[in-house]
Amino acid sequence: MGKYLNPGCMKFQQVLNSEIYVDKTEMVSYINSIINTEQRYVCVSRPRRFGKTIAANMLAAYYGRGDSRAVFADRLIAGHDNWDKYINHFDVVRVVMTDYIKENKDVSESLEKMTERILEDLSEEYPDVKYDPDDLFYSMDKFYRKSGIQFVIIIDEWDAVFRACKEDKKGQKLYLDFLRDWLKDQEFVALAYMTGILPIKKYGQHSALNMFDEYSIISPMQLAPYTGFTEEEVKEKCNEFGRDYEIIKEWYNGYDITDIIPPDPNYELQKAIGKEISQKHYSIYSPLSVVKAISTGIIQNYWNKTENYEALAEYIRMNLEGLKDSVALLMEGGRIKVNISKYQNDMTSFNGSNDVLVMLIHLGYLGYDVENKEVFIPNNEILDEFKTSTESTEWIDTFKSFKKSQELLKATWNMDEEKVAMILEWFHDEAENKTYNSEAALSYAIQMAYYAGQKYYTNVQELDSGKGYVDLVYLPSPKNPDKPALLIELKYNRSVTTAADQIRNKEYMQRLEHYKGNILVIGVNYDKEADTESDDYKHHTCRIEKA
């Protein structure tokens, strides 16, 4: 037994000895099924505090040579057929990349040091094998051919280079090439298992590690039930320790995942012909927070004990594409559509707010609704993180604008024409007059004013009504069927009456028949030539009618 070679059971045993332990050993059954197959490359990426290191220590204890049968014999895994097929069957090499990859430290030197230490352990185990101390790949193959024992290689914090050396593109590429040469198509590798926060990093048109299957917080696939504590497991522990489950749920629940395997290109065709695609949903909890709350009985934010909230503030402070407004909406319980496929899988290449939001999913600051492709703040603990991260004075204007947007929405529902016009005037003044020089500019400004409506509505621009287009339409989301549909017609130097009449003349009811009786027709006009000398002058006028 060495530090890196077959490290033994001690670390996993310490978990078993803990006051609160949730048995995840059944995960071994799935991993056993992919040993020495094309699927033997596993990359588990999910946020900190979600048990990645514990699972890695469990696998090291199970597969490493030694004697861990007694450790697993009374665990859930023992209920599976052939549960001990590979127990103590391999030489395990277990490394934690953050032990070597450091900020402002040369990546090449770090990998050389790691190579040296792994080979030292191997040479002590197999003193008769001649190896090359500068070539990890060649040497491990030599050890394997001498012993006849394959390796299980477990790499924790695999993505350390992208977090500690964000700007070192050369070092990142060197590191990825190192991993590929070490692991890909090597006969001595029975299993390569990596954990990290970020998904597999891509550069150019190809991935250096394209042999890996990605089990992420977004798509955990077969490892879904082992991604965190499940609802049933948390309920059981709450009952055992006499804690209020509903409070625990409110504070720490909210990561909704599915075990569905990403479909092949014929997915839509299969769906169309009625082929059943089974999937199971899991409501996942962060293990660290749940253990702390249940063991102490203290309900609070345990997140910043391991993650500095400045990490969150750093990214949302960029305000790419109005990201701050998106954050304000999320903090009010709203949801935002994202495209997870556009994310570049690193911490520096941000092409817009979408990339930042998707990265925050991987960091655990946002939940992801896989069916609706929306992000949201999952629970009170994370909401507390956002509140802490947005306390600085730079957020005052953002929250002020969002509050005004909420007031505008309520005034619209109340059909308070004067207040709607007044609030639109406020947004007009905030945006500066120069932005209002056409109906198109007015449309953009009105959408910003109604930004808070995204919590309740889907915004459709220029809805085809059969006879032309309605400028802006806000359709209630399925979760808010009680809200009225909003049809907004905009005019520039015309009249609100003209705007409202135009909506009616477009026979919109043909398209919105099922909203009949719960529609508000809203005409908005902007009068550029309003008499600024008048005490009650305003550029905006508004007409709201029920339909």
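The values are calculated or read from the model by the stated rules, or taken from the named source; none is laboratory data. Because the structure is a prediction, the values reported are computed rather than measured. Quick reminder, even Gly has a Cβ in these numbers, built from the backbone with ideal geometry, and neighbours come from all protein chains shown.
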(request) Just give me the residues in segment 80-114 being in a helix (DSSP H, G or I), surrounded by fewer than 17 Cβ atoms within 10 Å (Cβ to Cβ) and in contact (Cβ under 8 Å) with a residue 24 or more places away in the chain, in sequence order. (result) Thr98, Ser108
(request) Filter segment 384-442 down to residues that are among the aliphatic types (A, V, I, L, M) and closer than 21 Å to Asn319 by Cα and give me whichever is modelled with the highest pLDDT. (result) Ile396
(message) Going by what's in this entry, would Ile218 be described as surrounded by fewer than 17 Cβ atoms within 10 Å (Cβ to Cβ) and either in contact (Cβ under 8 Å) with a residue 60 or more places away in the chain or not assigned by TED's automatic domain parsing to the domain that holds Arg145 (or both)?
(response) no
(message) What pairs come out if I take residues in segment 18-43 that are on the phi > 0 side of the Ramachandran plot and pair them with residues that are assigned to a loop (DSSP other than H, G, I, E, B) whose C-beta lies under 8 Å away, six or more apart or interchain?
(response) Asn36/Gln150
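So that you can scan it fast, the table gives a plain yes or no per residue for (1) within 28 Å of the chain's Cα centre (by Cα); (2) more than 21 Å from Leu363 (Cα to Cα); (3) not in a helix (DSSP H, G or I):
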position	(1), (2), (3)
Met140	no, yes, no
Arg145	no, yes, no
Ile155	yes, no, yes
Phe162	yes, no, no
Arg180	yes, yes, no
Gln186	no, yes, yes
Leu191	yes, yes, yes
Met194	yes, no, yes
(message) Condition first: surrounded by fewer than 18 Cβ atoms within 10 Å (Cβ to Cβ) and in contact with a Phe, Trp or Tyr (Cβ under 6 Å, 6 or more places away or on another chain). Now tell me which residues in segment 382-403 satisfy that.
(response) Thr388
(request) Output the residue which, of all residues in segment 2-27 that are out of contact with any Asp or Glu (no Cβ under 9 Å at 6 or more places or on another chain) and over 27 Å from Ser295 (Cα atoms), is surrounded by the fewest Cβ atoms within 10 Å (Cβ to Cβ). (result) Gly8
(message) So for segment 206-214 (the condition being surrounded by fewer than 14 Cβ atoms within 10 Å (Cβ to Cβ), at pLDDT below 95 and in a strand (DSSP E or B)), does at least one residue qualify?
(response) yes
(message) Only one of Tyr193, Tyr126 is among the aromatic types (Phe, Trp, Tyr) and in contact (Cβ under 8 Å) with a residue 40 or more places away in the chain. Can you tell me which?
(response) Tyr193
(request) Would you please name the residue that is surrounded by the most Cβ atoms within 10 Å (Cβ to Cβ), looking only at residues in segment 28-68 that are under 22 Å from the mean Cα position of the chain (by Cα) and in a loop (DSSP other than H, G, I, E, B)? (result) Arg46
(request) Please work out if Ala445 is closer than 26 Å to Val327 by Cα, assigned by TED's automatic domain parsing to the domain that holds Gly523, at pLDDT below 80 and among the small types (Gly, Ala, Ser). (result) yes
(request) Considering only segment 129-175, state which residues are β-branched (Val, Ile, Thr) and either touching a residue at least 60 places away in the same chain (Cβ under 8 Å) or under 25 Å from Met58 (Cβ atoms) (or both). (result) Ile149, Val152, Ile153, Ile154, Ile155, Val161
(request) Filter segment 491-513 for residues that are more than 16 Å from Thr458 (Cα to Cα) and either at pLDDT 80 or above or part of a loop (DSSP other than H, G, I, E, B) (or both) and give the result. (result) Asn493, Arg494, Ser495, Lys506, Glu507
(message) Within segment 448-468, take every residue that is in a loop (DSSP other than H, G, I, E, B) and at pLDDT 65 or above and give me the one that is nearest to Tyr526 (Cα to Cα).
(response) Tyr450
